[in-house]
Structures are given as structure tokens and as C-alpha cells.
Amino acid sequence: MKFNKPDVKQFFQTYGIQSFSVSPDESQLVLSTNLNGKYNLWAMDLPNTFPYPLTFHNQSTGSIQYDSEGRFILIESDQDGDENTQLYAIPTKGGELKPVRISEGNRHMMPSLSNDGKTIYYTSNKEDQTFLKTYKYDIENDTEEVVLEGDGAPTYFAKLSPEETSFTYMKMFANTSQLAFVYKDGEHMRLTPETDEQHTFSGLAYASESEIYFTTTYNADFSYLAKFDLETKSFQKLKNLMAFH
């Protein structure tokens, strides 16, 4: 019996994983994948690794976040790849997407849930297409306020501190020029010292209410681990990272 040679199209029929998240009690893993030919959310009840579908909206999903008590999942998803991501919530066992923040033709980015699951911080271009704004949305009362207005460059919300007393954000001038800041008690503090040299950063993370860790190329050719202390308002280089060529 003779068979035809495989068509090149067969090699493009692959599975992909866009994003994933693990529940607070580590009993469930949710991922965005195209197991049925379209991207949807699938889940695995750990330690079992057999996936089952949570959604059937057939759209890409960006970030996936569990409520701290595992009551629901917050996701961002666009429509047919238009990149205008909207925010939705779904039950942890799956079901219909519930719109949370929707604005047709605009983007909702960098969503972050508060510890009690009652507030969402996110960045959007719905009122400022150039520099963006960051909003604080009260889920229970359905009210919203602007907590940060972009200025000088597109400005994105980054991380909320553990006790929600401060948050970090970033200004993106270019791929090779980015600045990170922290906002607390009405004060904006730059995480790296003043310089005319362009540099970048990534991986902003709170270790406590006063300690922020990140990687940066400030005054260096390659990224290294650094720390900003909110109490002393000081920057400290901690450890060089291996450079790969």
C-alpha cells in the first residue's frame, strides 16, 4: 500500500498554550489552548492532568487570574485577534463569560485583582489613546475612578502591593527605553536613579510592603537583579545575571 507524502499543512496543525494560572489552593490549573481547533480555556483538576473545557468562546485569552478565594477567574480576551482586550469573569467550573469591563474598540490591559476580590486595577486607552489611564473598579458597587493618568509616554499599571498601600507602574518610551515607578501616599518615586542613559526593566515584584525587586539594565549592558526600598527610597544593585549569546 502506498501513501501520499504528508502535506505541508499538516505541520502547521499544532497545539499551543497562550497563558495559564494555578488556583490559590493549587487544586486546579487553567490554560488557554487550542485543543479543539480554537483557543478556549481548559482546566485540569490537579494532580489529574486530563483537561476539560471551561469556555467555548473560541477566542484568545491574555492574562488569567484567580480570585484569592477561588470563587471566580478574571480573564482578558479580544475578538478575532483585534487586540482590543476586554475583561470577563467566569466560574472556576466553567460557563458563560460575564462582562466586567467592556468598551468597544478600546483595550483593557494589565488587570490586577485586590486580595479580597472586590476591586480590579487595570489600564485602558478608552479615555486617552496616547498615554492611557489606570482605573480602580469596585465590583460590588459598580463604580470606577482614575488612579493614574499617563504622561509623557504610554503608562501601564504593573503590580499592587500585598496590603494595597502602593502600586508600581511603567512608562514605555521605546523597546530600549522604559522607566518604572511606584506610587504611594500621593508620591511618585522612580525605581532607578536619574540618568540620561536609556535602560529597561522587567519582572517587577513586591517582596513586602517596602521591598520591590526587578531586573534592569540601568548603567549596564546586561540585565541584573535590583531592589528598591520604599522606606529609604533607595535603589540597590543585587546580582548580575548570566548573559547568553
For the range 96-161, what is Rg from Cα atoms divided by 2.2 N^0.38 Å, rounded to two decimals?
-> 1.09
FRET efficiency (Lys2, Asn58; Cβ distance; R0 35 Å; to 0.05) is 0.40
Mean separation of Cα contacts under 8 Å (6+ apart) over length of the chain, as relative contact order % | 7
Stretched fully, the stretch from Gln129 through Ser103 gains (0.36 nm per residue minus C-alpha distance, one decimal, in nm) 8.1 nm
Cα-based shape type of the range 1-158, given that a ≥ b ≥ c are square roots of the gyration tensor eigenvalues and the cut on a/c is 1.5 | oblate
Suppose R0 equals 25 Å; then what is the FRET efficiency for Leu238 and Gln198 from their Cβ-Cβ distance, rounded to the nearest 0.05?
-> 0.70
Using the per-residue mean of other Cβ atoms lying within 10 Å as a proxy for protection, in what order, highest first, do the peptides 17-30, 193-206 fall?
-> 17-30, 193-206
Anchor Lys93: aspartates and glutamates whose Cα lies under 18 Å away (excluding residues fewer than 8 positions away in-chain) | Asp25, Glu26, Asp45, Asp67, Glu69, Glu76
Dipole in debye (nearest 20) - the range 44-121, about Cα centre, beta carbon charges: Lys, Arg +1; Asp, Glu -1 | 240
Any aspartates and glutamates whose Cα falls less than 14 Å from that of Lys171, other than same-chain ones fewer than 8 residues away, would be Glu149, Asp151
Given the Cα-Cα distance of Glu231 and Glu26 and 0.36 nm per residue of separation, how much length would full extension add, in nm?
-> 70.4 nm
Theoretical gain in end-to-end length, Ala205 to Asp80 [0.36 nm per residue, Cα-Cα removed] | 41.8 nm
Between Arg71 and Phe222, what is the spin-label point distance in nm, taking each point 7 Å from the Cα along the Cα→C-beta axis?
-> 4.7
For the chain, set up a Gaussian network in which alpha carbons nearer than 10 Å are linked by springs, and say which option among Thr155, Thr49, Thr217 fluctuates the most.
-> Thr49
Shape of the range 60-146, Cα gyration tensor, a/c cut at 1.5 | oblate
Could you give the dipole magnitude of the chain about its Cα centre, charging the beta-carbon of Lys and Arg +1 and that of Asp and Glu -1, in debye to the nearest 20?
-> 1140
Could you compute the FRET efficiency for Val147 and Gln13, with r as their C-beta to C-beta distance and R0 at 41 Å, rounded to 0.05?
-> 0.35
For the range 152-245, what relative contact order do you get, as a whole percent, if you take Cα pairs closer than 8 Å and at least 6 residues apart?
-> 18
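Laboratory data are not the source of any read-out in this text; all were calculated from the coordinates shown. Please read these numbers as outputs of a predicted model, since none were measured by experiment. Reconstructed Cβ throughout: ideal geometry from the backbone, glycine too, with neighbour counts over all protein chains shown.
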